[in-house]
Amino acid sequence: MQIFGVDIGGTGIKGAPVDLERGDLAQERHKVLTPHPATPEGVAGCVGEVVRHFEWDGPLGVTFPGVVTGGVIRSAANMDKSWIGVDAAALIARELGGGMPVTVLNDADAAGVAEMTYGAGRGRGGTVLLLTLGTGIGSALFTDGRLVPNSELGHLELKGHDAETRASVKAKEDHDLTWERWAHRVQRYLQHVEMLFSPDLFIIGGGVSRKPEKFLPLIEGVRAEIVPAKLQNNAGIVGAAMAAKATKAATTGKK
């Protein structure tokens, strides 16, 4: 079964049909740059461009880097503030002509559900925390496989600042940090999160999960197991498609 997933990020918007039997992309993903400013209309237009690239006309799942409840955006730390209060599902559906069912959810939650189903968290109980390191830091918190949605742990305070302003990949690039110096910041962040939540497993996602050898061996003093995401930067797309499938099942009664 194939359903389309789109992952909206602070720097890029990417999507593809997803094979939900395998938990992987059915075709090579298509990516466009996130517009600046990242307004609702501009981003919706880019989502439409990605979807039309594949001539897709079925159910659609979309991630957003912020708190999402009932398809409505509640926070937008790395997007234009005009997103707050917008019914993103309705906006994107209108962009695509109104005939396509759209499900919108938090980007890290989508990546986490995909990793727990198909990837590094599969079969793991206890407390599992996925962290996506990119433009910001997204988080998905699970207890015995159940998601606690919209955790937004990238905004915990670390040395007087939002953690994502110190330990995200964007922070590494903005401050021209070596892998060693950046890994030390990530370590301090993981130690802080571990103190608060005592996870059994950290899964590190985002594009940086393609290079775990660059930084994971440098992280010390964290009790929990730390592993890279197996689905890497495609986890959000897969999780978005899973959410769209769940919505379809709930509305039609068909799995």
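Taking first residues from the range 192-204 that are at positive phi and partners that are buried (at least 16 other Cβ atoms within 10 Å of the Cβ) and not small (Gly, Ala, Ser), the Cβ contacts under 9 Å between residues at least 6 apart in sequence or on separate chains come to 198/127. Sort out which residues of the range 195-210 are modelled with pLDDT of 95 or more and either farther than 17 Å from residue 124 by Cβ or basic (Lys, Arg) (or both), and write them in order of number. Those that are modelled with pLDDT of 95 or more and either farther than 17 Å from residue 124 by Cβ or basic (Lys, Arg) (or both): 195, 196.
Here is a yes/no grid of residues against (1) at positive phi; (2) surrounded by fewer than 24 Cβ atoms within 10 Å (Cβ to Cβ):
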site: 138; (1), (2): no, no
site: 152; (1), (2): yes, yes
site: 157; (1), (2): no, yes
site: 171; (1), (2): no, yes
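Here the range 20-69 is the region considered, the condition is being among the β-branched types (Val, Ile, Thr) and under 17 Å from residue 108 (Cβ atoms), and the residue that is surrounded by the fewest Cβ atoms within 10 Å (Cβ to Cβ) is 69. Filtering the range 120-148 to residues that are of a type outside the set (D, E, K, R) and more than 25 Å from residue 171 (Cβ to Cβ) leaves 121, 123, 125, 126, 127, 142, 143, 145, 147, 148.
What residue, among those in the range 192-208 that are open to solvent by 60 Å² or more (accessible area, probe 1.4 Å) and out of contact with any Gly (no Cβ under 6 Å at 6 or more places or on another chain), is nearest to residue 7 (Cα to Cα)? Even if it seems obvious, please write down each step before you answer.
Step one: list which residues in the range 192-208 are open to solvent by 60 Å² or more (accessible area, probe 1.4 Å), which gives 195-198, 200.
In the following step, the residues that additionally are out of contact with any Gly (no Cβ under 6 Å at 6 or more places or on another chain) were identified as 195-198.
Working: 195: 30, 196: 29, 197: 27, 198: 29 Å.
For the range 192-208, the residue satisfying everything is 197.
In the range 200-210, what count of residues is obtained for those that are in a loop (DSSP other than H, G, I, E, B) and more than 21 Å from residue 171 (Cα to Cα)? Result for the range 200-210: 1. Listed by first and then second residue, the pairs linking a residue in the range 127-143 that is of a type in the set (Phe, Trp, Tyr) to a residue that is in a strand (DSSP E or B) and open to solvent by less than 10 Å² (accessible area, probe 1.4 Å), with Cβ atoms under 8 Å apart and 6 or more places separating them unless they lie on different chains, are 142/128; 142/129; 142/130.
Residue-by-condition table, conditions (1) under 29 Å from residue 16 (Cβ atoms); (2) in contact with a strand residue (DSSP E or B) (Cβ under 8 Å, 6 or more places away or on another chain); (3) polar (S, T, N, Q):
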{"position": "138", "(1), (2), (3)": "yes, yes, no"}
{"position": "150", "(1), (2), (3)": "yes, yes, yes"}
{"position": "158", "(1), (2), (3)": "no, no, no"}
{"position": "163", "(1), (2), (3)": "no, yes, no"}
{"position": "171", "(1), (2), (3)": "yes, no, no"}
{"position": "177", "(1), (2), (3)": "no, no, no"}
{"position": "188", "(1), (2), (3)": "no, yes, no"}
{"position": "197", "(1), (2), (3)": "no, yes, no"}
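Within the range 233-255, how many residues are in contact with a helix residue (DSSP H, G or I) (Cβ under 7 Å, 6 or more places away or on another chain) and crowded, with 20+ Cβ neighbours inside 10 Å? Walk me through it before giving the result.
Of the range 233-255, the ones in contact with a helix residue (DSSP H, G or I) (Cβ under 7 Å, 6 or more places away or on another chain) are 233, 235-236, 238-240, 242-243, 255.
If we keep only those that are crowded, with 20+ Cβ neighbours inside 10 Å too, we end up with 233, 235-236, 238-240, 242-243.
Residues in the range 233-255 being in contact with a helix residue (DSSP H, G or I) (Cβ under 7 Å, 6 or more places away or on another chain) and crowded, with 20+ Cβ neighbours inside 10 Å: 8 in total.
Scanning the range 144-199 for residues that are of a type in the set (Gly, Ala, Ser) and assigned to a helix (DSSP H, G or I) gives 154, 167, 171, 183. Annotation: residue 17 fulfils all but one of (1) open to solvent by 10 Å² or more (accessible area, probe 1.4 Å); (2) within 20 Å of residue 97 (Cα to Cα); the unmet one is (1). Residues that are among the charged types (D, E, K, R) and closer than 30 Å to residue 223 by Cβ number at least 2 in the following helices (runs of 4 or more DSSP H) confined to the range 22-127: 107-118. Do you know which residues across the range 209-232 are open to solvent by 30 Å² or more (accessible area, probe 1.4 Å) and polar (S, T, N, Q)? Once the filter is applied, which keeps residues that are open to solvent by 30 Å² or more (accessible area, probe 1.4 Å) and polar (S, T, N, Q), the range 209-232 yields only 232. I'd like the residue in the range 211-255 that is assigned to a helix (DSSP H, G or I) and over 27 Å from residue 103 (Cβ atoms) and, out of all such residues, is nearest to the chain's Cα centre (by Cα). Looking at residues that are assigned to a helix (DSSP H, G or I) and over 27 Å from residue 103 (Cβ atoms), I get 212.
The values are calculated or read from the model by the stated rules, or taken from the named source; none is laboratory data. Predicted model only: the values in this text are computed from it and were never measured. Cβ atoms come from the backbone with ideal geometry, glycine included; neighbour counts cover every protein chain shown. Quick note on the areas: whole protein, heavy atoms, side chains included, nothing else; ligands and nucleic acids left out. Shrake-Rupley method; radii C 1.70, N 1.55, O 1.52, S 1.80 Å.
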